[in-house]
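This report concerns only the one structure given below.
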Amino acid sequence: MRTASILLAAFLAASASSTLAQQASAPSAGAAPAPAVTPANDPAYTYKTLRLNRAAFDALNARPEQLLVIDLRRPDELTKNGGFPVYFSLQPSDVQRSLSLIPRDRLIVTVSNRAHRAGAVGDILTGLGFHVVGAIGVLDYQDEGGVLTKLQPPPPRVAANAEGAQTPQAAAPAASPTKP
């Protein structure tokens with residue numbers, strides 16, 4: 001576990017230096033101005049849990065046997081915005097009641113739309129002895145070029161009822177990757 005922590009720290013340091021170097025270079029003529037607030041400089045993110053960028057999350061996600069992604073968003077947010085292909089869904093209000101369901105032998109990444117709920121819950125889990133390595137927002141991930149999986153409700157199936165009339169039936173939702 002210590003090796004994973006050291007590798008993560010080295011990767012994050014390299015990612016941060018690369019990001020800072022890119023930000024320091026002069027923008028090209030005609031380029032759109034950078035947004036005033038980005039995940040890297042968001043003053044509202046005051047949590048101790050590290051806020052991950054796309055590169056850091058993708059590096060962690062490359063070793064799924066060591067990772068647990070906890071998505072803290074409501075079902076309607078998951079449907080609207082999309083998410084990662086595999087995750088443990090948990091509402092922030094249920095964290096204390098669900099501690100026995102969270103494996104302690106995994107690196108944990110918490111997820112919300114812009115990482116604020118994820119950071120808050122990451123701090124709580126860290127305080128309870130879980131190994132939280134970071135928080136990420138799916139919208140931030142998508143803004144950085146990441147592809148999310150979005151569930152598309154299928155069209156209703158038509159089936160005949162007892163009188164022979166056709167009625168719509170719901171089918172299981174299909175998943176598809178989305179990109180902005």
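Condition check: over 16 Å from LEU67 (Cα atoms), among the β-branched types (Val, Ile, Thr), at pLDDT 95 or above and over 12 Å from the mean Cα position of the chain (by Cα). Does ILE102 satisfy that?
Against the criterion (over 16 Å from LEU67 (Cα atoms), among the β-branched types (Val, Ile, Thr), at pLDDT 95 or above and over 12 Å from the mean Cα position of the chain (by Cα)), ILE102 does not qualify.
So which residues in segment 62-82 are touching a residue at least 24 places away in the same chain (Cβ under 8 Å) and assigned to a helix (DSSP H, G or I)?
GLN66, GLU77, LEU78, THR79, ASN81
Assigned to a loop (DSSP other than H, G, I, E, B), at pLDDT 95 or above and either among the β-branched types (Val, Ile, Thr) or over 23 Å from PRO43 (Cα atoms) (or both) - does that describe any residue in segment 110-128?
Scanning segment 110-128 turns up at least one residue that is assigned to a loop (DSSP other than H, G, I, E, B), at pLDDT 95 or above and either among the β-branched types (Val, Ile, Thr) or over 23 Å from PRO43 (Cα atoms) (or both).
Taking ASP140, is it of a type outside the set (Gly, Ala, Ser), touching a Phe, Trp or Tyr at 6+ places or on another chain (Cβ under 6 Å), at pLDDT 95 or above and within 26 Å of ASP76 (Cβ to Cβ)?
no
Can you tell me which residues in segment 66-80 are modelled with pLDDT of 95 or more and either of a type in the set (Ser, Thr, Tyr) or touching a Lys or Arg at 6+ places or on another chain (Cβ under 9 Å) (or both)?
GLN66, LEU67, LEU68, LEU72, ARG73
Right, GLY127: buried (at least 20 other Cβ atoms within 10 Å of the Cβ) and not β-branched (Val, Ile, Thr) or not?
So GLY127 fails the test.
Out of the residues in segment 83-99 meeting the condition of being part of a strand (DSSP E or B) and surrounded by 16 or more Cβ atoms within 10 Å (Cβ to Cβ), tell me which one is nearest to the chain's Cα centre (by Cα).
Per the criteria, the residue is GLY83.
All but one of (1) farther than 19 Å from GLY83 by Cβ; (2) modelled with pLDDT under 85; (3) surrounded by 10 or more Cβ atoms within 10 Å (Cβ to Cβ) hold for PRO156; which doesn't?
(2)
Being among the aliphatic types (A, V, I, L, M) and crowded, with 20+ Cβ neighbours inside 10 Å narrows it down to one residue among ALA55, ALA59, ALA115, ALA40; which is it?
Unique residue meeting the criteria: ALA115.
The values are calculated or read from the model by the stated rules, or taken from the named source; none is laboratory data. A quick note: this is a predicted structure, and the numbers were derived from the prediction, not measured. Methodologically, a virtual Cβ is constructed for each residue, glycine included, from the backbone with ideal geometry; neighbour enumeration extends over all protein chains shown.
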